[in-house]
Amino acid sequence: MATGKIMNNGWADQDHVPGIKSELLELNMGPQHPATHGVLRLLLKTDGEIVYQVTPVLGYLHRCAEKIAEGVNYKQWVVYTDRFDYLAPMCCNHAYVTAVEKLMDVEVPERAEHLRVVTAELSRIASHLIALATFGLDMGAWTPLLYCFREREEILNLLERMAGGRMLYNYMIPGGVRYDVPDDSWVGDVLDFITMLERKKLKDYNDLLSYNKIFIERTADVGVIDEATAKAYACTGPVLRGSGVKFDCRRDDPYSVYHKFDFEIPVGTGEMGTVGDCWDRYMVRVREIEQSCRIIRQALDTLPDGSYQAIPLNKIVKVPAGAAYSRTESAKGEIGHYIISDGGQTAFRNKVRSPSFCNLQVVEKVGVGQMVSDLVALVGSLDIVLGEIDR
Amino acid sequence: MEILTSWLQGLPGFGGMSDQGLFITGAVIMATLMFTVMALCAIVFTWMERKVAGFIQSRYGPMRTGRWHGWAQAIADMLKILGKEDIIPAEADKGLFVFAPLLVLLGSLLAWAAVPWAPGFTAADLDLGLFYIFAASSMVVIGILMAGWSSNNKWALYGAARGAAQMVSYEIPLALATIPVILHTGSLNTQDIVIAQQGGIWHWFVLRDPFLFVAFWMYFIASIAETNRGPFDMPETESELVAGYHTEYTGMRFAFFFLAEYANLFLVSLIAVMVFLGGWWSPIPGLDFAPALTFVIKGVLMVFLNMWVRWTLPRVRVDQLMYLCWKVMIPVTLLCIVGSGILMITSGAAG
C-alpha cells in the first residue's frame with residue numbers, strides 16, 4: 001500500500017503522552033454521506049484532520065447491467081446504458097450504439113449523426129453543470145447549485161421535447177436515432193439557449209464561484225494529480241485534461257461526425273496554483289461547456305436533411321458474429337464498450353469501461369496526506385457518478 | 001429593572017411586597033419575556049432565512065403554509081419537531097447528551113439579559129454589561145463540545161473539536177474589536193455605550209474614526225464565526241461532517257440547538273448595533289420616536305447582512321479559518337485599538 005511509509009514515520013503511530021496509546025481513527029465516509037455523490041463509501045484512516053489512508057469501497061449500486069446484456073437484444077439494452085451515467089445519458093447511448101454499429105458495419109445517416117452530436121453535447125453541458133453545482137456545494141457554496149440546476153432544467157426541457165423523457169431518454173438506437181427534430185422551433189430554441197448560456201450564465205458562474213477568493217483558496221494546489229499519476233491510473237476526461245494532457249476522443253480518435261467540427265480542447269494550466277489541482281479540473285469543465293456550445297451551433301447550422309434511421313424502428317437488430325471495441329468521450333471521460341457477438345439476437349458478452357471507475361481510483365494515492373476537507377474537494381472535483389462505477 | 005419593580009409596586013396586591021419579593025417577581029417576568037422574544041426571533045428568522053435564501057437563489061422559498069408567503073411555515077415546523085421521537089443513542093453518554101442542548105440555549109439566553117432595548121430598559125443593567133455578554137455567550141462552546149463528545153459519533157466529535165477551536169479563537173477578535181469603543185465611552189455598561197452615540201449617524205461609533213470603521217468589520221466577521229454560520233460553519237460543515245456536532249440529535253433537543261443558533265445570531269447583531277451602529281438612536285437626530293423599534297430594525301438588518309453573506313460565499317477550510325483569526329484579525333484589531341487610542345489623544349478626546 002502506498003501509504004505504508006507515511007504511517008510508519010507519522011505522528012500518529014507514536015505514543016506522545018507516556019502511557020497513553022494513540023492510534024489512527026477509522027472513519028466510514030459513506031455510503032450515506034452528503035459529500036460522496038451517491039452511495040460511495042470511503043474508508044478513511046485519519047489522524048485528526050489529516051487523512052492517512054483512503055480506500056474506496058464500491059458495489060452498493062451494482063445492477064448486473066453487463067449480465068443483462070446477454071439476455072436482452074441490442075436495441076433493448078440501450079435503456080440500460082441510460083442508467084450508467086444518468087447525468088449524461090445521451091453520451092452513454094452514443095457510446096453503446098457506436099460499438100454496435102462498428103460490429104454491424106452499418107452506414108448511419110448524416111442527419112442522425114448530427115442529432116446524436118447535438119443531444120450528446122447538450123447532455124454533456126447538463127452533466128458539467130451538475131459537476132459545477134455539486135462541487136460548489138462541497139465547498140459550502142449553496143447558491144451556484146440552484147443557478148446551475150435552473151439552466152439544466154432548460155436542457156431537460158429541450159431533450160424532453162426531443163426524446164420524451166426528462167432524465168433517461170433511450171434516444172439513440174443502432175443505425176440512427178429514435179425521433180427526428182420534434183417541431184420547427186426546436187433548433188431555434190436550442191440555439192437561443194446556448195447563446196444565453198455562453199453570453200450570460202457562464203459569466204455568472206465565474207463571478208459567483210470560479211474566481212471567488214475563498215473558492216480559489218479551497219481548490220488551488222489541493223488534490224494535485226500530476227500528469228504521470230493521471231496516466232498511470234488511466235484517468236480520462238476532464239480529470240486527465242485538468243492535469244494538462246491534451247487528449248480527447250472526439251479529436252484524437254474521432255467517431256460520429258466530430259471530425260467535421262471545429263473546437264478546442266481546454267486543459268489545466270495551473271492558472272491559480274499547480275497543474276492538475278482541483279481548480280484546474282473545475283475550470284476545464286467550465287471551458288468545455290463553451291466548446292460544447294460551439295459544437296452544437298456548428299452541428300445545427302449544418303444539419304442535413306434526409307432520413308434519421310438506417311434500420312426501421314420495428315426491426316430487430318441482427319449483428320454478425322465477431323467482436324468490436326469502441327471508445328467515445330462522455331462527460332466524465334472515455335467510455336469503452338467491448339461487445340462479443342455470436343451472431344444471435346443478444347450479445348455474447350458486453351464489457352463496459354466506465355470513466356468514473358478509473359478516475360475514482362486515484363483518490364487512493366492523491367487523497368493521502370490531505371485534510372478531510374480537501375478530500376471532499378478532491379472527490380468532488382473528480383465528478384464521479386456511482387451508477388457508472390457499479391453498473 | 002427599576003422601572004419594572006416600581007411599576008409592580010403600583011399594582012394592587014403588590015404594594016405590601018418586600019424588596020426581595022419584588023425583585024424576584026420582576027426577574028421572573030423579565031426572564032419569561034426574554035425567552036419569549038428569543039423563541040419568537042428563532043421562528044421569525046427561520047422563515048426570513050428561507051425567504052432570503054430563496055430570493056438569492058432565484059426561487060420562492062416557503063409559499064403555502066398560512067397563505068401569505070408561507071409565513072406559518074416556521075411555526076408548523078416547530079410543532080412538527082415537538083412531535084418527533086426523542087432518540088438517545090444507546091452508546092451515548094446520556095447525562096451529557098441531555099444536558100448539552102440546554103447549556104447551549106442557556107449560554108445565549110443569559111447573554112440576552114444585558115441587551116439595551118430602549119433607554120432604561122435592560123433586563124440586567126450591569127456595569128460590566130458588555131463583558132458579561134461575552135462571558136455568558138462563551139458557555140455555548142462548552143455545550144457544543146459536550147454534544148459532540150457525548151454523542152459517541154466520530155463525525156460529531158470532529159464537529160465539536162472544530163467548533164471548540166473556532167469559537168474559542170474567534171472570541172478574542174470579537175472582544176478586541178469592541179475595545180476601541182470602550183476607550184471612547186469609558187464604560188462597559190451597555191446603556192452608557194448607546195447613550196454615548198447620541199446625535200445622528202455621524203456620532204455612531206462606526207463612523208467616528210477610520211479605526212473604528214475597520215473594527216466594526218472585524219467584529220462583523222468574527223461574529224459570523226462566533227455564530228457558526230457560513231462561510232465559517234466549521235462545526236456543522238454539512239458536506240464534510242454530515243451535520244457536525246448535532247448529527248445524533250433529534251426532535252426537541254435538535255430544536256434547542258436550532259433555537260440557540262438564531263438567538264445567537266440576533267444577539268451578535270444586536271451587539272453590533274449597540275456598540276457600533278448607534279443602538280436605539282435613529283440616523284437623523286431628533287427623530288427618536290420608537291427607540292426599541294429602531295433598535296430591533298437595525299438588528300434585523302444586520303441579520304439580513306449575515307444571511308446574505310452565508311448564501312453567497314463558499315466555506316473556508318479549518319486551517320484557513322485559524323490563519324484568518326490569529327494572523328490577520330487579531331493583529332488588525334490590536335492595531336485598531338492602538339490607532340483609535342492615538343487619535344483620541346491627538347484630538348483631545350481622551351479625558
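All of A:E160, A:E154 fail the test of being within 14 Å of chain B (Cβ to nearest Cβ) and either under 14 Å from A:A88 (Cβ atoms) or not aliphatic (A, V, I, L, M) (or both), apart from A:E154. Checked against (1) surrounded by fewer than 19 Cβ atoms within 10 Å (Cβ to Cβ); (2) within 17 Å of the chain's Cα centre (by Cα), B:V303 meets all criteria but (1).
In the stretch B:189-207, how many residues are among the β-branched types (V, I, T) and within 12 Å of B:G120 (Cα to Cα)? If you could, list the steps in order and put the result at the bottom.
Going residue by residue through the stretch B:189-207, those that are among the β-branched types (V, I, T) are B:190, B:193-195, B:201, B:206.
Right, trim to within 12 Å of B:G120 (Cα to Cα) and you get B:190, B:194-195.
Number satisfying all stated conditions: 3.
Identification of strands (runs of 3 or more DSSP E) wholly contained in the stretch A:255-368 with 2 or more residues that are within 25 Å of A:E110 (Cα to Cα) and touching a helix residue (DSSP H, G or I) at 6+ places or on another chain (Cβ under 7 Å) yields A:322-329, A:334-341. Buried (at least 18 other Cβ atoms within 10 Å of the Cβ), within 17 Å of A:P355 (Cβ to Cβ), in contact with a Ser or Thr (Cβ under 9 Å, 6 or more places away or on another chain) and in contact (Cβ under 8 Å) with a residue 40 or more places away in the chain - does that describe any residue in the stretch A:287-302? No. Residues in the stretch A:21-38 that are more than 15 Å from A:L375 (Cα to Cα), more than 9 Å from chain B (Cβ to nearest Cβ) and under 22 Å from the mean Cα position of the chain (by Cα): A:P31, A:G38. Scanning the stretch B:216-249 for residues that are among the aliphatic types (A, V, I, L, M), surrounded by 24 or more Cβ atoms within 10 Å (Cβ to Cβ) and under 19 Å from the mean Cα position of the chain (by Cα) gives B:A222, B:A225, B:M234. Applying a threshold of 9 Å to beta carbon distances and a minimum spacing of six or more residues, or different chains, the list of pairs starting in the stretch B:61-75 at a residue that is closer than 18 Å to B:L40 by Cα and ending at one that is of a type in the set (D, E, K, R) and assigned to a loop (DSSP other than H, G, I, E, B) reads B:G70/B:R64; B:Q73/B:R64.
When B:M146 is tested against (1) of a type outside the set (G, A, S); (2) at pLDDT 85 or above; (3) in contact with a Ser or Thr (Cβ under 8 Å, 6 or more places away or on another chain), just one condition goes unmet, and that condition is (3). Looking for whichever is out of contact with any Phe, Trp or Tyr (no Cβ under 9 Å at 6 or more places or on another chain) and at pLDDT 85 or above here; the options are B:L157, B:L174, B:L212, B:L130. Which one fits? Criteria check complete, one pass: B:L130. With respect to the conditions (1) in contact with a Leu (Cβ under 8 Å, 6 or more places away or on another chain); (2) within 26 Å of A:P254 (Cα to Cα); (3) part of a loop (DSSP other than H, G, I, E, B); (4) of a type in the set (A, V, I, L, M, F, W, C), A:V106 lacks only one, and its number is (1).
Applying the set (1) at pLDDT 85 or above; (2) surrounded by fewer than 20 Cβ atoms within 10 Å (Cβ to Cβ) to A:D184 leaves exactly one unmet item: (1).
Residues in the stretch B:182-200 include at least one that is touching a His at 6+ places or on another chain (Cβ under 8 Å), aliphatic (A, V, I, L, M) and under 24 Å from B:M274 (Cα atoms).
Please verify whether B:A272 is surrounded by 21 or more Cβ atoms within 10 Å (Cβ to Cβ), part of a helix (DSSP H, G or I) and either at positive phi or in contact with a Cys (Cβ under 8 Å, 6 or more places away or on another chain) (or both), treating the condition exactly as stated. Don't jump to the end; show me each part of the working.
Working: surrounded by 21 or more Cβ atoms within 10 Å (Cβ to Cβ): yes; part of a helix (DSSP H, G or I): yes; either at positive phi or in contact with a Cys (Cβ under 8 Å, 6 or more places away or on another chain) (or both): no.
Criteria not met by B:A272.
Which ones in the stretch A:39-57 are in a loop (DSSP other than H, G, I, E, B) and within 12 Å of chain B (Cβ to nearest Cβ)?
Result: A:G48, A:E49.
Is it true that A:E217 is under 30 Å from A:M371 (Cα atoms) and surrounded by 17 or more Cβ atoms within 10 Å (Cβ to Cβ)? Reasoning before the result, please.
Numbers: under 30 Å from A:M371 (Cα atoms): yes; surrounded by 17 or more Cβ atoms within 10 Å (Cβ to Cβ): yes.
The answer is yes for A:E217.
The residues in the stretch B:60-98 that are more than 21 Å from the chain's Cα centre (by Cα) and either closer than 30 Å to B:G129 by Cα or part of a helix (DSSP H, G or I) (or both) can be counted, and the count is 16.
Which ones in the stretch B:237-267 are more than 10 Å from chain A (Cβ to nearest Cβ) and either aliphatic (A, V, I, L, M) or outside any helix (DSSP H, G or I) (or both)? Steps first, answer last, please.
The first filter runs over the stretch B:237-267 and keeps only residues more than 10 Å from chain A (Cβ to nearest Cβ), leaving B:244-267.
Listed by number, the residues that qualify are B:T247, B:E248, B:Y249, B:T250, B:M252, B:A255, B:L259, B:A260, B:A263, B:L265, B:L267.
Across the stretch B:54-68, the qualifying residues are those that are more than 14 Å from chain A (Cβ to nearest Cβ) and crowded, with 16+ Cβ neighbours inside 10 Å, and the one among them that is farthest from B:L313 (Cα to Cα) is B:T65. The numbered conditions (1) touching a Gly at 6+ places or on another chain (Cβ under 9 Å); (2) closer than 22 Å to B:I330 by Cβ; (3) in a helix (DSSP H, G or I) are all true for B:M234 except (3). One residue alone among B:G54, B:G70, B:G107 is modelled with pLDDT under 85 and over 24 Å from B:E248 (Cα atoms), and that residue is B:G70.
The set of residues from the stretch A:109-138 being closer than 20 Å to A:I335 by Cα and among the β-branched types (V, I, T) comprises A:V117, A:V118, A:T119, A:I125, A:I130.
Please tell me if A:V97 is of a type in the set (A, V, I, L, M) and surrounded by fewer than 22 Cβ atoms within 10 Å (Cβ to Cβ). So A:V97 fails the test.
Based on this model, can you work out whether A:A112 counts as small (G, A, S) and either under 23 Å from A:I155 (Cα atoms) or within 15 Å of the chain's Cα centre (by Cα) (or both)?
yes
Return the residue satisfying two criteria in turn: it lies in the stretch B:286-300 and is exposed (fewer than 15 other Cβ atoms within 10 Å of the Cβ) and part of a helix (DSSP H, G or I), and of such residues it is modelled with the highest pLDDT. Within the stretch B:286-300, the match that is modelled with the highest pLDDT is B:I297. Quick one: would you say A:V222 is within 14 Å of chain B (Cβ to nearest Cβ), modelled with pLDDT under 90 and part of a loop (DSSP other than H, G, I, E, B)? Yes. Within the stretch B:149-181, being within 14 Å of chain A (Cβ to nearest Cβ), of a type outside the set (S, T, Y) and in contact (Cβ under 8 Å) with a residue 60 or more places away in the chain holds for B:N152, B:N153, B:W155, B:A156, B:G159, B:A160, B:R162, B:G163, B:A165, B:Q166. Per the listing B:L79, B:L33, the residue uniquely at pLDDT below 85 and surrounded by fewer than 15 Cβ atoms within 10 Å (Cβ to Cβ) is B:L33.
If you take the residues in the stretch A:318-333 that are touching a strand residue (DSSP E or B) at 6+ places or on another chain (Cβ under 9 Å) and surrounded by 23 or more Cβ atoms within 10 Å (Cβ to Cβ), which one is nearest to A:A95 (Cα to Cα)?
Here is the first cut: in the stretch A:318-333, the residues touching a strand residue (DSSP E or B) at 6+ places or on another chain (Cβ under 9 Å) are A:319-329.
Now restrict to residues that are surrounded by 23 or more Cβ atoms within 10 Å (Cβ to Cβ): A:319, A:328-329.
Numbers: A:V319: 17, A:T328: 5, A:E329: 8 Å.
Of everything passing the filter in the stretch A:318-333, A:T328 is nearest to A:A95 (Cα to Cα).
The values are calculated or read from the model by the stated rules, or taken from the named source; none is laboratory data. Predicted model, so just to flag it, every value in this text is computed and none were measured. As a convention, Cβ positions derive from the backbone with ideal geometry for all residues, glycine included, and neighbour counts pool all protein chains shown.
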